[in-house]
Amino acid sequence: MAKANSFPPFAAIVVAAGKGIRAGQPVPKQFANWRGKPVVRHSVEALAAAGADPIILVIPENGEELAQQAIGEVAAARFVVGGKTRQESVRRGLEALAQQPPERVIVHDAARPEIRPAVLHRLFTALEKHKGAAPVLPVVDSLSIDEDGLMAGSADRDTLRRVQTPQAFRFADILSAHRSWPGAPTAGDDAQVLKAAGHDVAHVEGDEALKKLTFAEDFMSETPIYRTGMGYDVHRLVAGEELWLGGIRIEHSHGLSGHSDADVALHAIVDAMLGAVAAGDIGQHFPPSDDRWKGASSDQFLQHAADLVAEAGYQVGNIDLTIICEAPKIGPHRDAMRSRIAGLLGIDSQFVSVKATTTERLGYTGRQEGIAAQAVATVIRI
């Protein structure tokens, strides 16, 4: 991958020595899981794939075992224990490289897990003319100066930029700048250190994907925005029973037989919704062995499924229902079914699709022995 990206030789320092307590994770946030793997592993993998050699991982005191578990065998990173501040941690990483100094070094915060090759390309291109480069993004919101909770003034957002990492430097210059830093105040990042030493720092286009993981909500990205479930049900048609389909009663010579009202359409939707949030199936929540549900309206089952979807942090996005039968004809009742289902779920009927098909007189539905239904439910994270 390094050859494909055509990056010049470079070393990398990944700063992962912080406590990360605001993220509310059981371990420092850089070692917490995000999108299937520890946060720090994302950036270490990306830098290793880009050809970084060596990679210095700056870790907390006594954090070597945790760090090794986090990065696994993806890269032969060298561990360096960090200092009390980010700046001190970076300097320790730079000093670890000083014995065999590289020409270029990337400094990156582990809390920004998504490194895009395009950003690295822009940084290294800028480094051909400058001694340092940082990715930035424009400020899109209005800015206010706060004094004791009151607006005391404003700032010109057109001249301001949001600064990200990774940042790229000529190694000798950034090491010298860190060594000459007076110690106070603490610099916000390494670009500030280089600028304070009298060198220009180039701005290159950043990437919203480089957002820093800071708070517990940032780890909610582990939870998918959309989830989908599928449901299927079938009931036997018998004489002398009422026919309930899609939450409405339909006049017909036969009705569906079951422990409840046997509304096969609602049952399929219930199973689809339960499947979308991995909450089991309708039989687990309303077992046919329980007399409480004998003859019960399937409306209750659908509302219960909606409650479970909400408890899981989602809302119903849309329902797609297909009823499979020879008779009765579903077309004349389609809109009433859509309206009823939508009302039970608290959504607009435009998000409920009801379709019907036959099996060309094949099988039990073709022989009019029963009615089947299948449904797909999509839920959206609230």
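The values are calculated or read from the model by the stated rules, or taken from the named source; none is laboratory data. Quantities reported herein were computed from a predicted structural model and do not represent experimental measurements. Every residue, glycine among them, receives a Cβ derived from its backbone with ideal geometry; neighbour counts consider all protein chains shown.
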List pairs: first in segment 353-366 and in contact (Cβ under 8 Å) with a residue 24 or more places away in the chain, second hydrophobic (A, V, I, L, M, F, W, C), Cβ under 6 Å, 6+ apart or cross-chain? Val354/Leu321; Val354/Met337; Ala356/Ile323; Ala356/Ile330; Thr357/Ile324; Thr365/Ile324; Thr365/Cys325; Thr365/Ala372
Residues Val316, Val309: which one is β-branched (Val, Ile, Thr) and not in a strand (DSSP E or B)? Val309
Checking the structure you have, find out if any residue of segment 229-250 is under 25 Å from the mean Cα position of the chain (by Cα) and under 26 Å from Asn33 (Cβ atoms). yes
Considering segment 171-190 alone, what residues qualify as being among the aliphatic types (A, V, I, L, M) and in contact (Cβ under 8 Å) with a residue 60 or more places away in the chain? Ala172, Ile174, Leu175, Ala187
Test: Glu95 is surrounded by fewer than 19 Cβ atoms within 10 Å (Cβ to Cβ), out of contact with any Asp or Glu (no Cβ under 6 Å at 6 or more places or on another chain) and at pLDDT 95 or above: yes
Flagged in segment 72-129 as free of Cβ contacts under 8 Å to residues at least 40 places away in the same chain, over 27 Å from Val204 (Cα atoms) and touching a strand residue (DSSP E or B) at 6+ places or on another chain (Cβ under 7 Å), in numbering order, are Ala75, Arg78, Phe79, Val80
Counting only residues that are over 30 Å from Lys129 (Cα atoms) and assigned to a helix (DSSP H, G or I), segment 210-220 contains a total of 5
Residue pairs within 7 Å by beta carbon, gap of at least six or interchain, first lying in segment 191-208 and over 13 Å from Arg161 (Cβ atoms), second among the small types (Gly, Ala, Ser) and surrounded by fewer than 18 Cβ atoms within 10 Å (Cβ to Cβ), listed first then second, are Ala197/Ser176; Ala197/Ser180
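The rows are residues; the columns are (1) in the same structural domain as Ser89 (by TED's automatic domain parsing); (2) touching a strand residue (DSSP E or B) at 6+ places or on another chain (Cβ under 8 Å); (3) not acidic (Asp, Glu).
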{"position": "Asp190", "(1), (2), (3)": "yes, yes, no"}
{"position": "Leu194", "(1), (2), (3)": "yes, yes, yes"}
{"position": "Ala197", "(1), (2), (3)": "yes, no, yes"}
{"position": "Val204", "(1), (2), (3)": "yes, yes, yes"}
{"position": "Lys211", "(1), (2), (3)": "yes, no, yes"}
{"position": "Thr214", "(1), (2), (3)": "yes, no, yes"}
{"position": "Met230", "(1), (2), (3)": "no, yes, yes"}
{"position": "Asp233", "(1), (2), (3)": "no, yes, no"}
Looking at segment 286-299, can you tell me whether even one residue there is surrounded by 24 or more Cβ atoms within 10 Å (Cβ to Cβ) and either touching a Leu at 6+ places or on another chain (Cβ under 9 Å) or at pLDDT 95 or above (or both)? yes
With (1) in contact with a strand residue (DSSP E or B) (Cβ under 9 Å, 6 or more places away or on another chain); (2) surrounded by 17 or more Cβ atoms within 10 Å (Cβ to Cβ); (3) more than 19 Å from Asp233 (Cα to Cα) as the list, and Gly346 as the residue in question, which single condition is left unmet? (2)
Filter segment 188-209 down to residues that are among the acidic types (Asp, Glu) and outside any loop (DSSP other than H, G, I, E, B) and give me whichever is nearest to the chain's Cα centre (by Cα). Glu208
Among the numbered criteria (1) part of a strand (DSSP E or B); (2) over 21 Å from Pro102 (Cβ atoms); (3) under 29 Å from the mean Cα position of the chain (by Cα), which single criterion is violated by Met151? (3)
Scanning segment 221-261 residue by residue, the ones that are surrounded by fewer than 12 Cβ atoms within 10 Å (Cβ to Cβ) and either at pLDDT below 90 or in a loop (DSSP other than H, G, I, E, B) (or both) total 7
